[in-house]
Amino acid sequence: MHIKILFSASVFTLLLIVSACNNSNTTAKEPAGSKKQTAPTNDTLSNEPQCSITIDDKEFAVSEDSISTGYSFSDSTLGVTIKGIDGGRVVFTMPNFFKCPCKISTGYSNINTKIAGTEEYAMWPTLELYDYPIRGISFRNLNDGYHEKGVTENAMEIMAIEK
């Protein structure tokens, strides 16, 4: 049950981030004594992928089975991985999921990024692109491929979260 809710919330969040997605149909259980509304009898969604991502002015269609999520209970961090980007993948990390809607910086630190044996915390990127444009090439929003970058506050914004 919790995995389905987290998966649904993460997919919706991802859809807001890429701004090119449509809503999907869901079926909800009706409370006792409520009046049932009639839904359209025809499926209004196409069989086409419901989301696309643009990287370097190149658009990639994303199907539902290309999206996976991971959740850390210790700090409420949600990770969303999208495969199928010319053989590569995009990883988006949303720190402290339950504080959304919110603004997200380009890096974060929390209990999971603590450096062993010290009181210091490492800074972890919120967006990573692996094996793109060719296998073996990866970028993080805290490293442009040549040198480390500082954290930029309010780099992204989650406008809404919906089950």
*In the neighborhood of ARG89, defined by Cβ-to-Cβ distances under 12 Å, what is the net charge if each Lys or Arg adds +1 and each Asp or Glu adds -1?*
-1
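Taking a temperature of 20 °C and a viscosity of 1.002 mPa s, what whole-number D in µm²/s does Stokes-Einstein yield for the range 72-140 with Rh from Kirkwood over alpha carbon pairs?
Numbers: Rh = 13.3 Å.
Estimated diffusion coefficient is 161 µm²/s.
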_Using protein chains only and a probe of 1.4 angstrom, how many square angstrom of GLU64 are accessible, to the nearest 10?_
140 Å²
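Compute the relative contact order of the range 67-163 as a whole-number percentage, counting only Cα pairs closer than 8 Å that sit 6 or more residues apart in sequence.
Values: 188 pairs, mean separation 26.0, N = 97.
That works out to 27 percent.
Would the range 114-163 count as rounded, prolate or oblate if I go by the C-alpha gyration tensor, calling it rounded below 1.5 in a/c and otherwise prolate when a/b exceeds b/c, oblate otherwise?
Judged from the Cα gyration tensor, the range 114-163 comes out oblate (a/c at least 1.5, b/c at or above a/b).
The values are calculated or read from the model by the stated rules, or taken from the named source; none is laboratory data. In this text, all values refer to a predicted model and were calculated from it rather than measured experimentally. Quick reminder, even Gly has a Cβ in these numbers, built from the backbone with ideal geometry, and neighbours come from all protein chains shown. These accessible areas exclude ligands, DNA and RNA; they are computed on the full protein's heavy atoms, side chains included. Shrake-Rupley method; radii C 1.70, N 1.55, O 1.52, S 1.80 Å.
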